Amino acid sequence: MTILAKHAAYKTAYDMVRNMGIEPLSVRFDDVLSPTEGVLAGKKTILLGTNNYLGLTFDPACIEKSVEATKHQGTGTTGSRIANGSYDGHLRLEQELAKFYGRQHAMVFTTGYQANLGVLSTLVGRGDHLMLDADSHASIYDGSRLGMAEVIRFRHNNPDDLYKRLRRLEGVPGDKLIVVEGIYSMLGDTAPLKEIAHVKRETGAYLLVDEAHSLGVLGETGRGLAEQAGVEADVDFIVGTFSKSLGSVGGFCVSDNPDFDVMRIVSRPYMFTASLPPGVIASTLEALHQMQIRPELRANLMRNARRLHDGLTALGFETGPEANPIVAAVMPNQEIAVAFWKMLLDAGVYLNLAVPPATPTNNPLLRSSVSAAHTIQQIDTALEAFEHVGRQLGMLSADKRRVGAAS
Amino acid sequence: MRDDIASIFEQVLNRPVEITDDTDIVEDLGMDSLGVMNFVMAIEDFYDISIPLDRITQVQTVGDLIRAVEELRKGA
Ligand SMILES: Cc1ncc(COP(=O)(O)O)c(C=O)c1O
């Protein structure tokens, strides 16, 4: 018995997976060759679970800027901005983000996780009400616990349920903040943002959208779901991350709120952690630029997303409702999910194995995330592997294939 | 109120249940976290209340739940 014995239930579940000869948590890449290829146990493997939506991790311009900044300004800032001051890059990145979103203010955090912690714990406090989609990301739940606001969950993507809960709060003092995500990270479904914006207007609540998975992915110019749904004016705060489409690490919040900058002296996850190193800031700035001048990246991304989503659906797999870059195949149970994941890996395809409670239902998921950098050939290779393994595990009948292909 | 709660349990679990104030919702009824969430949301609909997350984490038994619902309805 040790101090960690309280987590025995989790350990038991993990040991069950290990007993099948698999260590999902210790996948170790010998090398990473490109945004879409790595070397695992000496074998070239297609990376299909990286969130590297625009494939910018190896972009020559981003790498060059990052190297240059590191050479000139060093490997780290070794402190927080409030204590040690900002580098020119932090301020420029904030200006560029504000400009990109057409907003007055932007603030950069050290990760997207910390952005949610820092923003949620600051926007609402004791006596306020935080309305969270039930399927919210862990960083949103954790942010809600860092503050003192009352936290109320509404049914996933259900504006009527949200409305009902806000109506119950009618006349109750305190600010109300609705939090939703652009694209949900497990099934790739988008929030019904038009309807949610309508509820927001009806009830006088504030609205925050976490565009972690939709920046550079959705909208005419890549500003995310708010842009795609045409409701940017209703969204009071946008949170996002650099760790997906921008290929680096870090988080941000943008807003037109006139008091925005007070967050810099009250938001603890902003104040009490080291700021991003110059090399990260520089590649992120360049990636933001590349994202804007190369709209074809988004077009390729969506082409690949549709190909994988429609391909899996045609094979007879149950997938998420929309063809977005996150494509998940629903597995009937943990044993099949683990075996399927392992067999895909043996076939040279790496993706994410997601098990409850991280998944929205009791089913495990094989979660892929598609990149603009995937070739059509790579997507087709992945589909062939899915078909092959699905048959071996008896998940796909010959019939289903025909039904799927005909529809 | 306990009868109403029992019938909501039965709807969510899809089987008959026997409950007393001391019934432990997770241990005795074998609910997982998703089951608990669906159950809580059904209770919220039935009584037209929202149970804040910190209140939900304080609820372990059926008796705790009844008290929480009563307090929230009074507060409303
Ligand atoms: C919806 C959502 N918000 C926030 C984050 C956190 O982002 P980061 O990786 O930058 O901490 C993630 C990703 O992990 C996410 O999926």
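Here, each number is a calculation from the coordinates, and none is a lab measurement. None of the values given here were measured: they were computed from a predicted structure. Because the Cβ atoms are built from the backbone with ideal geometry, glycine has one as well, and the counts that use them run over all protein chains shown.
Determine if segment B:7-22 includes at least one residue that is aromatic (Phe, Trp, Tyr), out of contact with any Leu (no Cβ under 7 Å at 6 or more places or on another chain) and over 26 Å from A:Met148 (Cβ atoms). The answer is no, given that none of the residues of segment B:7-22 is aromatic (Phe, Trp, Tyr), out of contact with any Leu (no Cβ under 7 Å at 6 or more places or on another chain) and over 26 Å from A:Met148 (Cβ atoms).
Each row is one residue, and each column tells you yes or no for (1) basic (Lys, Arg); (2) in contact with a helix residue (DSSP H, G or I) (Cβ under 8 Å, 6 or more places away or on another chain); (3) away from the ligand (no atom under 12 Å from the Cβ).
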| residue | (1), (2), (3) |
| --- | --- |
| A:Phe109 | no, yes, no |
| A:Val119 | no, yes, no |
| A:Thr122 | no, yes, yes |
| A:Glu150 | no, yes, yes |
| A:Asn157 | no, no, yes |
| A:Asp160 | no, no, yes |
| A:Leu177 | no, yes, yes |
| A:Tyr184 | no, no, no |
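The conditions of being within 26 Å of B:Leu72 (Cα to Cα), part of a loop (DSSP other than H, G, I, E, B) and within 16 Å of the ligand (Cβ to nearest atom) are met by A:Ser136.
Within segment A:169-202, work out how many residues are closer than 19 Å to A:Val370 by Cα and assigned to a helix (DSSP H, G or I). Matching residues across segment A:169-202 total 0. If the Cβ limit is 8 Å and pairs must be 6+ apart or interchain, which residue in segment A:343-365 that is facing chain B (nearest Cβ under 10 Å) pairs with which residue that is buried (at least 16 other Cβ atoms within 10 Å of the Cβ) and among the aromatic types (Phe, Trp, Tyr)? Listed pairs, sorted by first residue: A:Pro360/A:Tyr184. Here B:Arg55 meets the list (1) charged (D, E, K, R); (2) surrounded by fewer than 16 Cβ atoms within 10 Å (Cβ to Cβ); (3) closer than 23 Å to A:Lys176 by Cβ almost entirely, failing just condition (2).
Looking at segment A:276-328 only, could you name the residues that are out of contact with any strand residue (DSSP E or B) (no Cβ under 7 Å at 6 or more places or on another chain), among the charged types (D, E, K, R) and not in a helix (DSSP H, G or I)? Hit for segment A:276-328 is A:Arg294, nothing else. Within segment B:7-40, being under 19 Å from A:Asn363 (Cβ atoms) and within 12 Å of chain A (Cβ to nearest Cβ) holds for B:Met31, B:Asp32, B:Ser33, B:Leu34, B:Gly35, B:Val36, B:Met37, B:Asn38. Condition check: in contact (Cβ under 8 Å) with a residue 60 or more places away in the chain, assigned to a helix (DSSP H, G or I) and at negative phi. Does B:Ile43 satisfy that? For B:Ile43, the condition - in contact (Cβ under 8 Å) with a residue 60 or more places away in the chain, assigned to a helix (DSSP H, G or I) and at negative phi - is not met. Just so you know, in segment A:212-227 the residues that are crowded, with 24+ Cβ neighbours inside 10 Å and not in a loop (DSSP other than H, G, I, E, B) include one that is farthest from the ligand (Cβ to nearest atom), and it is A:Ala226. Between A:Gly250, A:Gly240, which is on the phi > 0 side of the Ramachandran plot, within 16 Å of the ligand (Cβ to nearest atom) and in contact (Cβ under 8 Å) with a residue 40 or more places away in the chain? Sole residue among the options that is on the phi > 0 side of the Ramachandran plot, within 16 Å of the ligand (Cβ to nearest atom) and in contact (Cβ under 8 Å) with a residue 40 or more places away in the chain: A:Gly250.
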